[in-house]
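Please read the structure below before turning to the comments.
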Amino acid sequence: MRDGYRKLREEFVENLRKDLIGPYEENEVLYESPTSSYIMGRLSPITENVIIDEVDDSFFEENQEEDDDNEFESIELSEELYPSKNKQSSAGLKVFLPKETDVILAKIRWADYIVQETNGEESNSRKYKRVPKEFVRIINITNGNIEGELLEKDVYISWITHRLHNNNKMISIYVENRRRQEEINDPTKHVYQIELILESTDNT
């Protein structure tokens, strides 16, 4: 019985992951924007952050005069008014290691979605093909300075080593998307399904 419940939980988690983060298939092609298909597990371009202070105050003043019944119907649920909390451009980990560890192995995986030609189809329709990316880097953690490395154009991995009072180490390491959008809401500039896996090379 317990094995049955465990299997159901695993299937539920996997289906939830596919729905929110993706992908459904390794080399899938989407017929809608990948930012609509997958709302979590992605790094946004650094220029997409929304500044709340720029929202026009007159919008709220005008709507205060409306009846309560119509108040919410008149508000358009736009990203300008309701910026997503998921629009972050970096993601990382913090780990604690013994003082003897000088090197760790970082495995970084993500996917890009590129526009695919739509031969013979309507000109305003787009398809997005998933392109998996994978990198492995050996990270030297003997230094206490902030260090980094370019993974590919405008995508970086950075880390810093903190020495604790007992001489053990705390490592902060993160992946950052520094791509810039030339068009508003360009889904090809996002980093999707980001994974960062750290392994010790000396079995500590």
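The values are calculated or read from the model by the stated rules, or taken from the named source; none is laboratory data. Here the structure is a predicted model, which is why all the values come from computation and not from measurement. So basically every Cβ, Gly included, is an ideal-geometry build from the backbone, and we count neighbours across all protein chains shown.
General observations
- Taken over region 1-26, the criterion of being touching a Phe, Trp or Tyr at 6+ places or on another chain (Cβ under 6 Å) and in a helix (DSSP H, G or I) is satisfied by K18 alone.
Condition check ((1) closer than 21 Å to L93 by Cβ; (2) of a type in the set (A, V, I, L, M, F, W, C)) across all residues:
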position	(1), (2)
L105	yes, yes
T118	no, no
E147	yes, no
I160	yes, yes
R180	no, no
N185	no, no
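- Matching residues in region 1-31 - criterion: being at pLDDT below 95 and within 18 Å of D186 (Cβ to Cβ): Y31
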